[in-house]
Amino acid sequence: MRVVDLFCGCGGLSLGFQNIGFEIVAAYDKWPVALNVYRNNFNHHVGELDLSKVKESSDEISSHQPDMIIGGPPCQDFSSAGKRDEDNGRGDLTINFAEIVSIVRPAWFVMENVSRILKTNKLVEAKHIFKQAGYGLSQHVLDASYCGVPQKRKRFFLIGKLNEQDGFLDSFITENLSVKPMTVRDYLGDTLGIEYYYRHPRSYVRRGIFSIDEPSPTIRGVNRPMPDGYKIHNNDPVKTKDGIRPLTSIERSYIQTFPQDFHFIGSKTDVEQMIGNAVPVNLAAYVAKSIKKFIENPTLCRQQKINFAQWNMRDAMGVAYSAQM
């Protein structure tokens, strides 16, 4: 399966799919700093491309003959950490992603974003474009801590396959979710050498200190030190802030499930931003594994289609019966 990654950043989504056996043949973004990191860790084609230029981008991407397009269009206009204005400009890149997919027409696509995209008109418009192009759609909000990531991070995935019914991947996505969230200690053991750490809250009505015996809060694009005036919050798991420190950049990359041999280069600000923007590698791998299982189990796929058809027939008969009453 030949895969092209759009809005690839430093490569979290690519690495997750690659780890499950998908062949990443090309990746594109417009941020040179992230592309430098991507090139430093992958061997396939990596290009700087303005993906808002749909025709030019589609021609370039089509040259790789992808079976699948994956990508996470910028989410700042939808995110709770942003202004929540879907018409601020970057939200249009979600539409551009859908337009590129509809022109290139790979057999599959995977689009990732923040969960708040569910409340936007941009998603409605993008899904309409996908449906007009002939894609069946499965959509899911996944909590990364139930997908092999020691982090409470909710992300939206829209997965499409040409000539399929909607919901085709639902059971494959949900069947392997963990029964409990993964903690930092579950994933990293005692390698951090700490029991507690600081993560700067958006507001001081929220706590800022966390235990490694719980999932990390969402890794964001900023990583601030603990201010001298920080006061212990009622929900902090400690009585004193003595010895508490923030995670380092590389420790944050581990929480994002990047491997130890993944090399980050650039300024501290840029590295923190690209780590925070990335799709956790293991979350990407979880989605990739669900798709692979669907592809490799045609019997299950056929049974699912039969069950879906039977459900629709029963539903239609119920509507017809109700109309007669």
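Assorted remarks:
- Model label points for GLN132 and GLU195, set 7 angstrom from Cα along the Cα-to-Cβ axis, are 5.9 nm apart.
- Within straight-line cross-link reach of LYS231, lysines at Cα separation under 22 Å, skipping those fewer than 8 residues along the same chain: LYS239, LYS241
- Kirkwood hydrodynamic radius over Cα pairs of segment 115-159, then Stokes diffusion coefficient at 37 °C and 0.692 mPa s, in µm²/s: 281
- Difference of contour (0.36 nm per residue) and Cα-Cα distance, VAL179 to LYS154: 7.4 nm
- Per-residue [θ]222 nm for the chain (sum of -39500 (n - 2.57) over DSSP H runs n ≥ 4, rounded to 500): -11500 deg cm²/dmol
- Here the label points at SER171 and ARG105, each 7 Å from Cα along the C-beta direction, are separated by 3.0 nm in the simple model.
- Computed over neighbours whose Cβ is under 11 Å from that of ILE159, the net charge equals -3, Lys and Arg +1, Asp and Glu -1.
- Degrees between helix 92-104 axis and first principal axis of the chain (Cα, 0 to 90, nearest 10): 40
- Ranking of ASP186, ASP50, ASP5, ASP261 by count of other Cβ atoms within 10 Å, fewest first: ASP261, ASP50, ASP186, ASP5
- Pairwise Cα separations in segment 131-196 fall into 10 Å bins from 0 onward with the following percentages, short to long: 20, 35, 24, 14, 6, 1.
- For segment 28-79: Kirkwood Rh in Å [reciprocal of mean 1/r, alpha carbons]: 12.5
- Of MET182, MET226, MET111, the one that fluctuates the most in a GNM where the chain has Cα springs shorter than 10 Å: MET226
- Candidates ASP190, ASP270, ASP228: whichever shows maximal mean-square fluctuation once the chain is modelled as a Gaussian network with Cα springs under 10 Å: ASP228
- A cut-off under 15 angstrom between Cβ atoms defines the neighbours of THR183, and their net charge, with Lys, Arg +1 and Asp, Glu -1, is -2.
- Size of segment 176-291 as Cα extents on the principal axes (Å, biggest first): 47, 38, 26
- Gyration tensor (alpha-carbon) shape descriptor, the chain, a/c threshold 1.5: prolate
- When the chain is treated as a GNM with alpha-carbon contacts under 10 Å, the residue of PRO237, PRO66, PRO227 showing the greatest mean-square fluctuation is PRO227.
- Violating pairs (Cα-Cα greater than 23 angstrom) within the set LYS122/LYS154; LYS55/LYS131; LYS127/LYS161; LYS55/LYS293; LYS53/LYS122; LYS119/LYS154: LYS55/LYS293
Values quoted throughout were computed directly from the atomic coordinates according to the rules given, and no laboratory measurement underlies them. Values in this document were obtained by computation on a predicted structure and should not be read as measured data. As a convention, Cβ positions derive from the backbone with ideal geometry for all residues, glycine included, and neighbour counts pool all protein chains shown.
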